[in-house]
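The values are calculated or read from the model by the stated rules, or taken from the named source; none is laboratory data. Just so it is clear, the structure is predicted and the values come from calculations on it, not from any experiment. Ideal geometry is used to build each Cβ from the backbone, glycine not excepted, and the neighbour counts take in all protein chains shown.
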Amino acid sequence: MNKKWLYLLGLSLIWGTSYILIKKGLVGLTQLQLGALRLVLTSLILFSFGLPSLKKIKKHHWRWIGVSALAGTFFPSFLFAYAQRHIDSAVASILNGLTPLATAIIGMVLFGVYVSKRQLLGVLIGLLGSVMLILAGSQINPDQNHAYGILVLIASMGYALNVNIIKHHLSGLPARAIATGNFVCLFLPALAILWSTNFFDQIGQSASMQISVGYIALLALFGTALASILFNKLIEISSPVFASSVTYTMPLVAVMWGFVDGERFGLVQVLSAAVVFLGVYLANQRQKKPT
């Protein structure tokens, strides 16, 4: 099997499981605590073996490392925590399937990447599917506020910007160096946020917080630290749109975990998800640029 497909499969399994870990983490942690703790733990994991790779990063790379860190890791960590307080993990994973569409749009607008009419059609279909999914979810689970799905869409735009930045401005840097550099930029702000939530005063007194910290430790190790390295490597050996296509397959894993955890997922949501994936498929169809 081609190496890029192996990376895609591994990331699908890891990131598909991340949504249920976030859901379990929110049982004992606030959204701010979860997002900040995820970043702090991931930083410590990456620093334990990744600091020597920082010498590969040149001075002119650091501004792009910083933008990559904010768009692809910092803000999404909090956006998903706030979104999944209100919507099911399976729905969040499917909405994140719009990342390849966002990758194509940002690539066209900011980086001059050619986008065909078919790809633009895919973008529109994907957006329609996401609206259908949010509306269907609000009917099946009326106690949930599916407007928070918009936060997932914003996070997807951040992921898309990150993919394009890595491909166009950080190409040639080792995947480990990019990932570690990202968390060098994020560590102190995340630690400051975590400190401000009184996490360190509360953790010793709450059993539910301690259990949730275990879930977020798993998320930090696999869903953020390992996945960041694998994803950066995938971008290096493939195209930005192919790399973001991991969002096709990880919802299958996320939906499976959702079923196991008792989440409700109706026929209209299935059809809406199919519309999203159709749009993403069309957006990934490459056509020759007209001469």
*Only residues that are within 16 Å of Lys167 (Cα to Cα), modelled with pLDDT of 80 or more and more than 11 Å from the chain's Cα centre (by Cα): list them for region 71-103, please.*
Ala102, Thr103
*Test Val268 against the criterion of being crowded, with 18+ Cβ neighbours inside 10 Å, β-branched (Val, Ile, Thr) and part of a helix (DSSP H, G or I), and give yes or no.*
no
*Return only the number of the condition from (1) under 27 Å from Val268 (Cα atoms); (2) in a loop (DSSP other than H, G, I, E, B) that Val113 does not satisfy.*
(1)
*Boolean, Ser12 is among the polar types (S, T, N, Q), without any contact (Cβ under 8 Å) to a residue 24 or more places away in the chain and part of a helix (DSSP H, G or I)*: no
_Residue under question is Leu221, and the condition is that it be of a type in the set (A, V, I, L, M) and within 19 Å of Leu9 (Cα to Cα); does it hold?_
yes
_So Ala220 passes all but one of these: (1) without any contact (Cβ under 8 Å) to a residue 60 or more places away in the chain; (2) touching a Ser or Thr at 6+ places or on another chain (Cβ under 6 Å). Which condition number does it fail?_
(1)
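Consider Leu46 carefully, then state whether it is farther than 24 Å from Ile154 by Cα, touching a Phe, Trp or Tyr at 6+ places or on another chain (Cβ under 6 Å) and touching a residue at least 24 places away in the same chain (Cβ under 8 Å). Give the derivation first.
On the way: farther than 24 Å from Ile154 by Cα: yes; touching a Phe, Trp or Tyr at 6+ places or on another chain (Cβ under 6 Å): yes; touching a residue at least 24 places away in the same chain (Cβ under 8 Å): yes.
Criteria met by Leu46.
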*Pick from Ser171, Ser208: which is surrounded by fewer than 20 Cβ atoms within 10 Å (Cβ to Cβ), outside any helix (DSSP H, G or I) and either in contact (Cβ under 8 Å) with a residue 12 or more places away in the chain or not aromatic (Phe, Trp, Tyr) (or both)?*
Ser171
_Can you tell me which of (1) of a type in the set (A, V, I, L, M); (2) surrounded by fewer than 21 Cβ atoms within 10 Å (Cβ to Cβ); (3) under 28 Å from Gly126 (Cβ atoms) is the one Val163 doesn't meet?_
(2)
